[in-house]
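Working notes, beginning with the structure itself.
The values are calculated or read from the model by the stated rules, or taken from the named source; none is laboratory data. As the structure is a prediction and not an experimental result, all values here were calculated from the model. Positions of Cβ are generated from backbone atoms using ideal geometry, with glycine treated the same way; all protein chains shown enter the neighbour counts.
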Amino acid sequence: MKNLMPLSDGKLMVKNYLDNKSKVFTGEITLPNTETYDSEAFVALLKQPDCVKIRIHYGMNEEKVICAIFVGVDSNGNEITIKNNGFIANTGVDEEYVIELSSKCPPSCSDENDQSIKKLIWI
């Protein structure tokens with residue numbers, strides 16, 4: 001299956017990121033340790049017609065925090081957004097969405113998040 005890597009490789013990459021992220025940006029720009037998303041957003045994205053892949057763009061919010069932004073990709077390599085089609089209440093039916101509004105750590109670091117990080121780093 002494509003895009004899978006051994007957990008041990010993931011652990012090394014996460015440790016490397018955590019050890020070096022302060023060297024990438026200094027000052028007012030923040031790189032989160034983790035971002036947590038609700039699974040139904042990804043289910044909605046994958047249910048879009050011909051969505052065969054997911055692409056990550058990186059952006060920066062108003063607080064100068066780096067954010068992952070997810071879109072779908074069709075079989076021709078074109079990007080796909082989530083079409084509302086009325087499933088999101090109190091919004092315009094024609095609006096389109098991408099996945100981003102995550103819970104970022106820091107500042108929202110729960111004990112559960114700490115346990116997840118411990119799975120991916122060498123203690």
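Things worth noting here:
- Among the candidates Gly86, Gly92, residue that is surrounded by fewer than 11 Cβ atoms within 10 Å (Cβ to Cβ), at positive phi and modelled with pLDDT under 80: Gly86
- Matching residues, segment 31-53, being among the hydroxyl-bearing types (Ser, Thr, Tyr) and either in contact with a helix residue (DSSP H, G or I) (Cβ under 9 Å, 6 or more places away or on another chain) or on the phi > 0 side of the Ramachandran plot (or both): Thr34, Thr36
- Unmet criterion (only one of (1) out of contact with any Lys or Arg (no Cβ under 6 Å at 6 or more places or on another chain); (2) at pLDDT 85 or above) for Val73: (1)
- The C-beta contact set for segment 8-36 (first residue closer than 14 Å to Lys104 by Cβ, second residue basic (Lys, Arg), distance under 6 angstrom, 6+ apart or interchain) comprises Ile29/Lys64; Leu31/Lys21; Pro32/Lys104; Glu35/Lys104.
- Test: residue in segment 5-21 that is touching a helix residue (DSSP H, G or I) at 6+ places or on another chain (Cβ under 7 Å) and of a type in the set (Val, Ile, Thr): yes
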